[in-house]
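The values are calculated or read from the model by the stated rules, or taken from the named source; none is laboratory data. Note that the coordinates shown come from a computational prediction; the quantities given were computed from them, not determined experimentally. Cβ coordinates were reconstructed from backbone atoms using ideal geometry, including for glycine residues, and neighbour counts include every protein chain displayed.
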Amino acid sequence: MSTEAAVMTPAATNSTFLDSEFRYKLFPAFYSIIFILGFCANCYVLFVLRHLREAKAMGEIRIYMTNLTVADLLFVCALPFWIGYYRRWGDWVYSDVLCRLTGSMFFINTYCSVLFLGAISINRYWAVTQPLNAASSDHRCRGIAVTITIWALTVAMSIPSLISPGINVDEKNVTRCFEGYHREGDGEKRVVAAIHFTIIAVFFIVFILVVVCNLLTALASPRGVKRRALRMLCAVVGVFVLCFLPHHIIQGLWTLAVLEIKEGWGSTDWTLETRQALNDAHQITLLLMGLNCILDPVVYYFATRKFRKFITSHVKKIAKGDACSQTATSQISLDSRREELWF
């Protein structure tokens, strides 16, 4: 499973299949933890966002948070199939349709997360630098338009994996799902490589934008909220650096190692050991990307004061044994029109 599901389709060739056997023990345990924590955390986030909607709080940024949470839950719901896949040492026993759907969920979650975190960063920068404009309107239409654009873009990029066969049977009669990505001719392989390098370039553009926006937000924040702005800077950039950056650093080299272009642009003369090392590193980066679905709620916590206040109030009420959701919501509703949109 990888983000390559969206732009590579498998075909049997005589090329060496790169495998990293450590993943068959590591991935099931790791993904099981991600499944439990990710499902609980994101369901709770939806609970909080529903009550913030009733309080008519947060407007545009709530739209981004809700959609990012939905993307995280789609990924989490696909994990049981991948846990079973790795427990069976890379043998896909489900249908080809499920292979395509679950592989696409990984890709969609990755780039929805990247783009929605970028949108949240821009929203926070705008809220700090134009507080009067931000306070005068919740800009729901803009949030809806940006959200539709992000979903349309990521789904469109995943269409190749949704319409092309996802499984193939290797020489050991093992059914692989989105693995063994090889093409017949070097020309077609170069097209695939170009698509991957384009995706990598787009990621780094968004990454730089996120870093700049959060840094400018922290610098522009009034003294009373500067510390909270710096915390959000660390949270958002931390998610990018931990979850997404390693994958996109390795991605280009790994793509060339897997495609094995024989001559011309994209051709490599790497040893099998080098290619294997790149594949091992690539597997680790896939695990790191899976962490984003449990770290995104941390970003929400630092992104807006109202989200933080609801959670803090909720936890205190639970500790006291009260049925607290309505109380917390009522308090936010009273404060939502008076509070600043800063952190």
Test: VAL299 is modelled with pLDDT of 75 or more, surrounded by fewer than 16 Cβ atoms within 10 Å (Cβ to Cβ) and not aromatic (Phe, Trp, Tyr): no
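Condition first: more than 13 Å from the chain's Cα centre (by Cα) and within 19 Å of GLN283 (Cβ to Cβ). Now tell me which residues in region 93-114 satisfy that.
Start the filter on region 93-114 by keeping residues that are more than 13 Å from the chain's Cα centre (by Cα), which leaves 93-103.
Listed by number, the residues that qualify are CYS99, THR102, GLY103.
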Quick test for you: out of PHE47, PHE81, PHE106, pick the one residue that is within 22 Å of PRO165 (Cβ to Cβ), aromatic (Phe, Trp, Tyr) and touching a residue at least 60 places away in the same chain (Cβ under 8 Å). PHE106
Mind listing whichever residues of region 56-76 are surrounded by fewer than 21 Cβ atoms within 10 Å (Cβ to Cβ) and among the aliphatic types (A, V, I, L, M)? VAL70, LEU73, LEU74
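If you go through region 279-292 one residue at a time, do you hit one that is touching a Pro at 6+ places or on another chain (Cβ under 7 Å) and either free of Cβ contacts under 8 Å to residues at least 24 places away in the same chain or not aliphatic (A, V, I, L, M) (or both)? Outline the logic, then answer.
Step one: filter region 279-292 for residues touching a Pro at 6+ places or on another chain (Cβ under 7 Å), giving 285, 288.
Restricting the remaining residues to those that are either free of Cβ contacts under 8 Å to residues at least 24 places away in the same chain or not aliphatic (A, V, I, L, M) (or both) gives 285.
Yes: region 279-292 contains one or more residues that are touching a Pro at 6+ places or on another chain (Cβ under 7 Å) and either free of Cβ contacts under 8 Å to residues at least 24 places away in the same chain or not aliphatic (A, V, I, L, M) (or both).
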Kindly evaluate LEU245 against the criterion of being closer than 17 Å to LEU115 by Cα, in a helix (DSSP H, G or I), modelled with pLDDT of 85 or more and under 13 Å from the mean Cα position of the chain (by Cα). yes
Looking at the structure I just gave you, is GLY90 more than 16 Å from the chain's Cα centre (by Cα), in a loop (DSSP other than H, G, I, E, B) and over 23 Å from PHE240 (Cα atoms)? yes
For region 210-224, check the following and say yes or no: at least one residue is more than 30 Å from TYR301 (Cβ to Cβ) and either modelled with pLDDT under 85 or not acidic (Asp, Glu) (or both). no
Candidates ALA218, ALA201 - the one that is farther than 24 Å from ARG23 by Cβ and either surrounded by 14 or more Cβ atoms within 10 Å (Cβ to Cβ) or within 13 Å of the chain's Cα centre (by Cα) (or both): ALA218
Residue hits (region 36-63; among the small types (Gly, Ala, Ser) and modelled with pLDDT under 90) are ALA55, ALA57, GLY59
Exactly one condition in (1) under 26 Å from PHE178 (Cα atoms); (2) in a helix (DSSP H, G or I); (3) modelled with pLDDT under 95 is false for THR66; which is it? (1)
Residue list for region 257-279, filter: on the phi > 0 side of the Ramachandran plot and modelled with pLDDT of 70 or more: GLU260
